[in-house]
Amino acid sequence: MTRLLAALLATAVPAPFAVVRREHEPTLDVLVGDVVDVELLADIPLDGAEVLALVPFRQVRERGFIAHDDGAPLRCLIVRDRETIDLDEAIGLLPEHPIAVDDLAVDVSDAEYAARVRRVIDEEIGRGEGANFVIRREFTGRIEASAAHAVLGWLRALLEHEVGAYWTFAVHTPGLSVVGATPERHVSSIDGLVSMNPISGTFRHLAGPPADDELVAFLDDVKEREELVMVVDEELKMMSAVCPDGGRIRGPFLKRMSRLTHTEYLLEGRSDRDPRDVLRLTMFAPTVTGSPMGNACTVIARHESTARGYYAGVLARFTPTADGYDLDAPILIRTAYVDAVGGVRVPVGATLVRHSNPDGEVAETHAKAAGVLTALGAIPGAGTAAVAPPSPGSNGSDRDRENDRIATLLDSRNDHLAPFWSTPQAAHRSRGASALVIDAGDDFTTMLAHQLRHLGVDARVVPWNDAAPEASADLVVFGPGPGDPRDEADARVARLRELMTRRLASGAPMLAVCLSHQVLAMLAGLPIAPLPAPRQGVQLDVDLFGEPAAIGFYNTFGAMAADRSITPHLDLEVAADAATGVVHALRGPRVASVQGHLESVLSPDGLRVLERIVDGLLEPGPAELPAVERGGTPSGA
């Protein structure tokens with residue numbers, strides 16, 4: 001039955017529509033309906049009909065983050081008619097010779113983009129503003145033909161020549177038409193199971209499928225490994241906010257596409273939240289923004305002079321069920337946009353980390369744009385792409401074992417990660433104690449709070465500007481955040497100092513993490529200095545008062561002191577690197593601090609260290625950072 005698709009192709013001005021093929025499905029769906037623009041995600045009308053929503057990047061302001069405002073509407077297609085068609089039949093109906101895009105140009109030259117990469121590494125990552133950032137550029141062109149029919153022709157080209165896409169789709173609404181083959185699910189909520197699919201690390205193979213030796217070299221690359229783990233940490237923050245039991249990680253897997261191969265994980269957890277709320281709490285993927293999320297949006301606004309439109313937003317499909325709605329929302333990347341006057345935009349970006357090579361990041365943007373630009377006829381194609389195996393991570397099946405060496409390399413990535421985030425989490429008995437976790441601008445606090453609850457502490461998170469100085473919680477945890485702890489003009493740092501000073505004066509238990517650890521070190525009279533190289537997304541084996549621990553670090557600055565010395569003020573004992581003097585931790589009566597992130601997936605010993613710290617802080621006597629068993633989990637976990 002091809003009634004709807006045939007009508008769309010035969011009509012000069014078709015009704016608003018969407019044509020969607022989801023990964024691994026032998027069919028595609030044709031949706032026709034009416035368009036409604038709304039202001040907020042909560043306004044998406046879930047009144048019984050299926051809804052497909054185009055969510056622009058500017059919607060991230062609902063989370064209190066910064067974004068250039070181009071007025072791009074939050075556009076909803078309210079479905080009133082639909083059909084499902086066999087994939088091969090649909091391809092046979094779609095236009096065989098797609099409309100070519102003319103006047104191909106780029107808004108930011110290769111040289112300027114490389115210069116932006118250098119500035120972000122030096123001025124943002126190098127100054128502690130975050131671990132990674134995604135900066136975009138756009139390829140542009142023009143068409144004279146109908147946008148509705150253009151996107152249908154381009155859809156056929158993508159269906160025939162691109163592989164491995166999570167969604168391949170075309171959407172047409174008044175003044176805005178969209179076509180793409182996105183590799184990445186952002187978030188889905190199906191029967192209460194919330195899934196996120198962080199994809200990062202990119203291997204370019206424009207001439208065809210890569211050889212195994214090339215894949216092995218890619219999997220061994222430090223930059224690519226660290227890039228993926230950092231986004232897993234960032235999405236676990238979101239899962240901890242959405243799912244009461246946090247998120248479990250599965251993988252890693254290979255995501256094979258026609259010209260690119262990525263690495264990916266699958267994160268899963270359960271939630272009974274409204275799917276619109278799930279979407280709001282997860283705006284937007286760190287793979288297209290950076291981390292920490294709030295500061296990443298600020299950095300994007302500093303280095304991108306124009307608004308993103310829908311790039312890095314999502315295409316969210318809300319499907320009615322007997323109990324409400326399911327949500328499936330892929331990220332809007334590898335996508336082309338056509339406006340009311342025939343202007344065409346293909347935005348792409350690269351993830352910038354401390355190891356980034358500017359020329360390599362330029363090449364990555366070209367490779368990411370190549371699949372879409374080829375389908376649009378804007379650059380020459382290389383014929384039909386070789387068919388890659390499906391991406392097991394995206395549909396939950398077991399990873400195929402076509403090559404034992406590659407499978408072993410993928411499995412080995414988990415050897416040094418925290419088992420807490422990949423195994424069932426049986427909660428401890430309640431301690432009858434409460435913790436106030438102060439968010440200093442990094443949602444790692446949601447993971448910290450989740451682990452504290454797992455350890456039997458009733459934890460809640462509050463922003464730094466809402467925390468009460470006389471906080472009466474049994475334990476106050478001063479959280480991590482971006483920036484320079486020496487910056488006296490930073491209101492956030494000043495507030496942390498004030499809150500910390502009051503808590504110290506009260507003698508009540510407190511723990512400080514990362515940025516807050518540095519603030520505590522300054523109050524204790526220790527000097528703070530930039531590290532020789534940023535430690536963003538780095539796992540280190542450190543000595544914590546005589547005991548080894550593998551911990552993940554995300555810091556650009558460090559306190560300096562001799563190991564086992566006593567601080568000039570507050571009389572805190574120091575655990576520091578014997579060679580460099582960089583302070584890893586401080587401890588004293590009812591006080592503890594750590595530079596690393598015990599909650600990170602990079603911290604296999606983190607939970608046990610956190611448990612012992614909590615034991616020491618909530619029980620009589622000095623706080624302890626005692627012995628850990630490598631890779632272990634707390635008793636009862």
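Give me the pairs: first residue in segment 324-335 and on the phi < 0 side of the Ramachandran plot, second residue surrounded by 23 or more Cβ atoms within 10 Å (Cβ to Cβ) and charged (D, E, K, R), beta-carbon distance under 6 Å, and six or more apart or on different chains, which are they?
As it stands, the answer is Asp328/Arg317; Pro330/Arg185; Ile331/Glu184, since those pairs meet every condition given.
Suppose we filter Glu138, Glu144 for residues that are out of contact with any Asp or Glu (no Cβ under 7 Å at 6 or more places or on another chain) and among the acidic types (Asp, Glu); which single one remains? Give the steps one after another, and end with the answer.
Values: Glu138 fails: out of contact with any Asp or Glu (no Cβ under 7 Å at 6 or more places or on another chain).
Being out of contact with any Asp or Glu (no Cβ under 7 Å at 6 or more places or on another chain) and among the acidic types (Asp, Glu) holds for just one of Glu138, Glu144, which is Glu144.
Of the numbered conditions (1) touching a residue at least 60 places away in the same chain (Cβ under 8 Å); (2) buried (at least 21 other Cβ atoms within 10 Å of the Cβ); (3) assigned to a strand (DSSP E or B), Val117 fails exactly one; give the number of that condition.
Of the numbered conditions (1) touching a residue at least 60 places away in the same chain (Cβ under 8 Å); (2) buried (at least 21 other Cβ atoms within 10 Å of the Cβ); (3) assigned to a strand (DSSP E or B), the odd one out for Val117 is (3).
Could you tell me whether Gly269 is touching a Cys at 6+ places or on another chain (Cβ under 7 Å), closer than 25 Å to Asp411 by Cα and either in contact (Cβ under 8 Å) with a residue 60 or more places away in the chain or not assigned by TED's automatic domain parsing to the domain that holds Gly130 (or both)? Give the steps one after another, and end with the answer.
Values: touching a Cys at 6+ places or on another chain (Cβ under 7 Å): yes; closer than 25 Å to Asp411 by Cα: yes; either in contact (Cβ under 8 Å) with a residue 60 or more places away in the chain or not assigned by TED's automatic domain parsing to the domain that holds Gly130 (or both): yes.
In short, yes.
Is segment 462-484 home to any residue that is touching a His at 6+ places or on another chain (Cβ under 9 Å) and not assigned by TED's automatic domain parsing to the domain that holds Val229?
Just the residues of segment 462-484 that are touching a His at 6+ places or on another chain (Cβ under 9 Å), to begin with: 478, 480.
With the extra rule that they be not assigned by TED's automatic domain parsing to the domain that holds Val229, the set shrinks to 478, 480.
Within segment 462-484, one or more residues are touching a His at 6+ places or on another chain (Cβ under 9 Å) and not assigned by TED's automatic domain parsing to the domain that holds Val229.
With at pLDDT 95 or above, buried (at least 18 other Cβ atoms within 10 Å of the Cβ) and over 28 Å from the mean Cα position of the chain (by Cα) as the only criterion, which of Ala473, Ala524, Ala418, Ala512 stands out? Step through it out loud before you land on a result.
Working: Ala473 fails: at pLDDT 95 or above; Ala418 fails: over 28 Å from the mean Cα position of the chain (by Cα); Ala512 fails: over 28 Å from the mean Cα position of the chain (by Cα).
Residue meeting the stated conditions: Ala524.
Please work out if Leu279 is surrounded by 24 or more Cβ atoms within 10 Å (Cβ to Cβ), assigned to a helix (DSSP H, G or I) and in the same structural domain as Leu315 (by TED's automatic domain parsing).
On the way: surrounded by 24 or more Cβ atoms within 10 Å (Cβ to Cβ): yes; assigned to a helix (DSSP H, G or I): yes; in the same structural domain as Leu315 (by TED's automatic domain parsing): yes.
Taking the combined requirement at face value, the residue satisfies it.
If you go through segment 422-472 one residue at a time, how many are of a type in the set (Asp, Glu) and not in a loop (DSSP other than H, G, I, E, B)? It would help to see each step written out before you state the result.
First pass over segment 422-472, keeping only residues of a type in the set (Asp, Glu): 439, 442-443, 458, 466, 470.
When the remaining residues are screened for being not in a loop (DSSP other than H, G, I, E, B), the result is 439, 458.
Counting residues in segment 422-472 that are of a type in the set (Asp, Glu) and not in a loop (DSSP other than H, G, I, E, B) gives 2.
Based on what the data block shows, is Arg587 closer than 25 Å to Asp442 by Cα, charged (D, E, K, R) and modelled with pLDDT under 95?
On the way: closer than 25 Å to Asp442 by Cα: yes; charged (D, E, K, R): yes; modelled with pLDDT under 95: no.
Taking the combined requirement at face value, the residue does not satisfy it.
List every residue pair whose Cβ atoms lie under 6 Å apart, where the two residues are 6 or more positions apart in sequence or sit on different chains, the first residue falls within segment 141-159 and is over 16 Å from Asp103 (Cβ atoms), and the second residue, located anywhere, is acidic (Asp, Glu) and part of a loop (DSSP other than H, G, I, E, B).
none
So, Pro174, is that one closer than 23 Å to Val353 by Cβ, touching a residue at least 40 places away in the same chain (Cβ under 8 Å) and surrounded by fewer than 24 Cβ atoms within 10 Å (Cβ to Cβ) or not?
Numbers: closer than 23 Å to Val353 by Cβ: no; touching a residue at least 40 places away in the same chain (Cβ under 8 Å): yes; surrounded by fewer than 24 Cβ atoms within 10 Å (Cβ to Cβ): yes.
No, not satisfied.
Do you know which residues across segment 440-465 are under 17 Å from Arg63 (Cβ atoms), without any contact (Cβ under 8 Å) to a residue 40 or more places away in the chain and touching a helix residue (DSSP H, G or I) at 6+ places or on another chain (Cβ under 7 Å)?
Those that are under 17 Å from Arg63 (Cβ atoms), without any contact (Cβ under 8 Å) to a residue 40 or more places away in the chain and touching a helix residue (DSSP H, G or I) at 6+ places or on another chain (Cβ under 7 Å): Val461, Trp464, Asn465.
Sort through Ser356, Ser258 and tell me the only one that's polar (S, T, N, Q), farther than 21 Å from Glu62 by Cα, in a loop (DSSP other than H, G, I, E, B) and under 19 Å from the mean Cα position of the chain (by Cα).
When all the criteria are applied, what remains is Ser356.
Tally time: how many residues in segment 568-614 are β-branched (Val, Ile, Thr), in a loop (DSSP other than H, G, I, E, B) and crowded, with 23+ Cβ neighbours inside 10 Å? Spell out how you get there, then give the answer.
Residues of segment 568-614 β-branched (Val, Ile, Thr): 574, 580, 582-583, 591, 594, 601, 609, 613-614.
Filter once more, keeping what is in a loop (DSSP other than H, G, I, E, B): 580, 601.
If we keep only those that are crowded, with 23+ Cβ neighbours inside 10 Å too, we end up with 601.
So the answer is 1.
Condition first: more than 24 Å from the chain's Cα centre (by Cα) and not in a strand (DSSP E or B). Now tell me which residues in segment 317-332 satisfy that.
Selection gives Thr321, Ala322, Asp323, Gly324.
Condition check: buried (at least 21 other Cβ atoms within 10 Å of the Cβ) and closer than 19 Å to Gly360 by Cα. Does Ser200 satisfy that? Before you say what the answer is, go through the steps one by one.
Working: buried (at least 21 other Cβ atoms within 10 Å of the Cβ): yes; closer than 19 Å to Gly360 by Cα: yes.
Yes.
In segment 1-108, which strands (runs of 3 or more DSSP E) lie fully inside it and hold 3 or more residues that are crowded, with 21+ Cβ neighbours inside 10 Å, at pLDDT 95 or above and within 30 Å of the chain's Cα centre (by Cα)? Please lay out each step first, then the result.
Numbers: elements: 17-22, 27-38, 51-55, 74-86, 102-106.
The qualifying strands (runs of 3 or more DSSP E) are 17-22, 27-38, 51-55, 74-86.
Pull out all pairs, ordered by first then second residue, where Cβ-Cβ is under 9 Å, the residues are six or more apart or on different chains, the first lies in segment 1-28 and is small (Gly, Ala, Ser), and the second is in a loop (DSSP other than H, G, I, E, B).
Here the result reads Ala7/Pro14; Ala7/Ala15; Ala12/Ser146, each pair linking segment 1-28 to a residue that is in a loop (DSSP other than H, G, I, E, B).
The values are calculated or read from the model by the stated rules, or taken from the named source; none is laboratory data. Just so it is clear, the model here is predicted, and its values are computed rather than measured. Neighbour counts are summed over all protein chains in view; Cβ atoms, including those assigned to glycine, are modelled from backbone coordinates with ideal geometry.
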